Amino acid sequence: MGDLTDAEIIAASLSDGSEFSVVFDRYYDTVYKYVARRIGSDAAGDIASEVFTRAFAVRHKYDTSRPLCRPWLYGIASNLVRDHLRRQKRRSRAYLKAASQEEAAHDAPISEAEARASAALMAPLVNQALGKLKEGDREVLLLFALGELSYEEIATSMAIPIGTVRSRLARARRRMQELVPE
Amino acid sequence: MIAEAHPVDTLLRGITGEPSPTHADVLGGRRALLRAIATESQRSTRGVSVPSIWWRRATAVLSVAALVVAAVAVAGLLRPQPVTALGDLARVAEQVEAPAISSGEYRYAGSTDVTLEFRAGSELGLDERDTVVYLLPHVRDRWVDEAGSIHEELLTLEPRFFDPDVEAAYYASGVDKADRVGETVVSDFAQESLTVFGVREWPTDTDELLDAMGVYVSSQGNDVDATGPLVELAADLLRWSSATPELRSAVIEALGTLDVEVTERIDVDGLAVAVTFVDVSGIRSRLILEFDEDANLVRERHVWLEDVPALGVPAGTVVLDSQLSPGRVVGSLHRP
């Protein structure tokens, strides 16, 4: 399975579901990281887990002309994160959990720890600013900055043209800079 | 692959850090996926000739999209959301303990409901009619004490009629007295008499619960795979019952495996679950359950989707509409 593309593995999993575990092995960590960055580590495990069970359930819809499935998984993750945040309105300001990062900062090199501590202090302001972005702009920004997807991958994930990705990202960054003064 | 290091990206990454899953996270995720793989495998090897829980789950996946459209059209109150949200609700249910009550305290819950009442025409002096129907509203207050005993006060309000002749006959024949319209009836029960089918004995493992529910509806003369009766049973298990959080969670999760539509409630937090089926009266119906954000069942509606000329009931009539308030602890037998 090592040489097969994601698309080939997904195609194989249609007749033998167990093949899909290769997709899990390849992407669980990165999906978890993206989800945890969006909603914090407390619920990230459940949501990341659900990404793969959902993906497994709808794998017959996967476009096998696309060799890499990461954008597809991130698209599912984004939807689940959005649902989760909607469900948990009381915690909807937890886009970014500063507290847990402060703990992580203790173990980081001094310069990095300082940078994180500084960023953590800004977290409430950043959360508010994110909440003021248009939903589509916010998704693009978070997929780029936290999901570390390329423009093309974001376009695939959100089923929008790459030009729209660029314009949304530029608009989101500009708005964030207005809302979060340095 | 990061193409640019824009200050906003740097800020966001700085705040969120580099989270990584624990061993338990990875194991949990892998276990969930393996379970999904096993479920699918089991379903495909059983085949469709044997109606089963697995088959019901398969058909649920296929029919959700179409039925969501129907839900919006019929209920007019719902909008589609992914079925996965029920999983969230089940997890909430697991974490929400019923408020503890100590000696001298009560768990209070109120409800209003409207139910379709059936009577023989002869009872109203309408001998030419086999059956007449009308809608009878109630206001119900219920207190449960520490020992589980129930004190209930039931106020019956003026009925609503579909036919003025029936209305006139109803009062002329004194059936309003029999229905105790305008009266508050006070009753006291031992909890066991109202506990739903020994609710505490229902399994809390979702698969086992589904099997047990199937056995129960089958024992009531329904097809074991009949979704409507299963949803009705789910409501029975959640309504008024002293079900544990684990059971409530399992019931909600079980609902998610049935052939139901799941939608978000309008204007308020929570979810609605709806199913269209032929009810015990043989009438095509729609049953809608609504849950609040704490996974409490807060409303049930049963709508007849077809005209019933023999009873003078038009399509779209809500034959049961029950709204329940989540329980709260009070210090006396007085309405809070």
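Under 12 Å from the Cβ of B:Val144, count the other residues' Cβ atoms, weight Lys and Arg +1, Asp and Glu -1, and hand me the total.
Value of the local net charge: -3.
Using Cβ contacts closer than 10 Å as the measure, can you line up B:Glu306, B:Glu201 from fewest to most?
Least to most surrounded, the residues fall as B:Glu201, B:Glu306.
How big is the gap, in Å, between the Cα center of the stretch B:123-168 and the Cα center of the stretch A:134-171?
Taking the Cα centre of each part, the stretch B:123-168 and the stretch A:134-171 sit 57 Å apart.
Could you work out the local net charge near B:Tyr106, counting Lys and Arg as +1, Asp and Glu as -1, over the other residues with Cβ closer than 14 Å to its Cβ?
Local charge sum for B:Tyr106: -3.
Return the sequence-ordered ³J(HN,Hα) values of the stretch B:12-26 in whole Hz as given by the Karplus equation 6.51 cos²θ - 1.76 cosθ + 1.60 applied to θ = phi - 60°, using x for Gly and Pro.
4, 5, x, 5, 8, x, 10, x, 9, x, 7, 4, 5, 4, 4
Can you tell me what the convex hull of the Cα atoms of the stretch B:85-330 projects to on average, as an area in nm²?
Answer in nm², one decimal: 13.9.
Give me log10 I(q)/I(0) at q = 0.25, 0.26 Å⁻¹ for the stretch A:1-92, Debye formula, one equal scatterer per alpha-carbon, no solvent.
Results for the stretch A:1-92 at q = 0.25, 0.26 Å⁻¹ read -1.24, -1.32.
Compute the length gained on full extension between B:Leu155 and B:Ala315: take 0.36 nm times their separation in residues and subtract their Cα-Cα distance, giving the result in nm to one decimal.
Computed gain between B:Leu155 and B:Ala315 is 54.8 nm.
If you average 1/r over every pair of different alpha-carbon atoms in the stretch A:133-177 and take one over that average, what Kirkwood value in Å do you get?
Across the stretch A:133-177, the inverse of the average 1/r is 9.9 Å.
What is the stretch B:214-325 by shape, rounded, prolate or oblate, if you read a ≥ b ≥ c off the alpha carbon gyration tensor as root eigenvalues and call it rounded for a/c under 1.5, prolate for a/b larger than b/c, and oblate otherwise?
oblate
Treat the count of other C-beta atoms within 10 Å as a stand-in for reagent exposure and order A:Arg171, B:Arg13 from fewest to most.
Least crowded to most crowded, the residues run A:Arg171, B:Arg13.
Grab the other residues whose beta carbon is less than 12 angstrom from that of B:Glu300, score K and R as +1, D and E as -1, and report the net.
Net of charged neighbours comes to -1.
Under a point spin-label approximation (7 Å from Cα along Cα-to-Cβ), what is the B:Asp188-B:Ser325 distance to one decimal in nm?
2.3
Order of B:His23, B:His334, B:His138, B:His302 from fewest to most other C-beta atoms within 10 Å?
So the residues, fewest neighbours to most, are B:His23, B:His334, B:His138, B:His302.
Bear in mind these aren't lab numbers, they're just calculated from the coordinates by the rules spelled out. Keep in mind that this is a model prediction, so the values were computed, not measured. Neighbour counts run over all protein chains shown; Cβ positions are idealised from the backbone, glycine included.
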